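*Asks:* Below are the structure tokens for one structure; questions will follow.
The values are calculated or read from the model by the stated rules, or taken from the named source; none is laboratory data. What you see is a predicted model, and the numbers here were worked out from it, not measured in a lab. Here the Cβ positions follow ideal geometry from the backbone for every residue, glycine too, while neighbour counts run over all protein chains shown.
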């Protein structure tokens, strides 16, 4: 099912409709500032397992490949990730924005969300719809990018519904996007490392190691 949500001022009744789906273990496709994502409540194990299964279907990824998740602000991030002084200053300056930051996880993160390194990829997108969903839900949502079988990013909700309507309970129409992946920066080591150059500029970083 597709529902239209105002991308600048999400309607409260629509947000409540989305929360009902997430709280019942459903998957939701939604727009961000970079791409359309597909996500679920990180604390609903069955929903996360369903999302892992969909990732395998979409991307051919191995079982329990790491998922990133969306927080609504920096204080929310600090509940789920260890943020040192340098990363705090950087995140405060660059978020919300088109970045995924890899950080060491806290004990609050469910084990099903973790990789072998015990790190998490966290986003605070500059996009009203996912931020309002997370605020209202009270905890982050796990997320993966919505892609075509060939890996091409999907720019609109109708294509997502056609391809994955069988696997998601709700598709949010937040308009047509010109999708571009987020920039991924790893802050879990001694020095920040650029994992993927995407939409977000790294010019604001005091230091970043290219790999």
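*Asks:* Within segment 75-103, how many residues turn out to be within 19 Å of residue 113 (Cβ to Cβ) and surrounded by fewer than 20 Cβ atoms within 10 Å (Cβ to Cβ)?
*Replies:* 4
*Asks:* Sticking with this structure for a sec: Among the residues of segment 195-211, which ones are surrounded by 11 or more Cβ atoms within 10 Å (Cβ to Cβ) and at pLDDT below 90?
*Replies:* Selection gives 200, 201, 202, 204, 205, 208, 209.
*Asks:* For the subset of segment 164-192 comprising residues that are surrounded by fewer than 18 Cβ atoms within 10 Å (Cβ to Cβ) and modelled with pLDDT of 90 or more, which member is nearest to residue 120 (Cα to Cα)?
*Replies:* It comes out as 181.
*Asks:* Consider residue 205 carefully, then state whether it is in contact (Cβ under 8 Å) with a residue 60 or more places away in the chain and not in a strand (DSSP E or B).
*Replies:* yes
*Asks:* I want to confirm something. Restricting to segment 52-66 and keeping residues that are modelled with pLDDT of 85 or more and closer than 13 Å to residue 145 by Cα, which single residue is surrounded by the fewest Cβ atoms within 10 Å (Cβ to Cβ)?
*Replies:* By that ranking, first place goes to 56.
*Asks:* Look at segment 110-123 and say how many of its residues are in contact with a helix residue (DSSP H, G or I) (Cβ under 7 Å, 6 or more places away or on another chain) and buried (at least 20 other Cβ atoms within 10 Å of the Cβ).
*Replies:* So the answer is 3.
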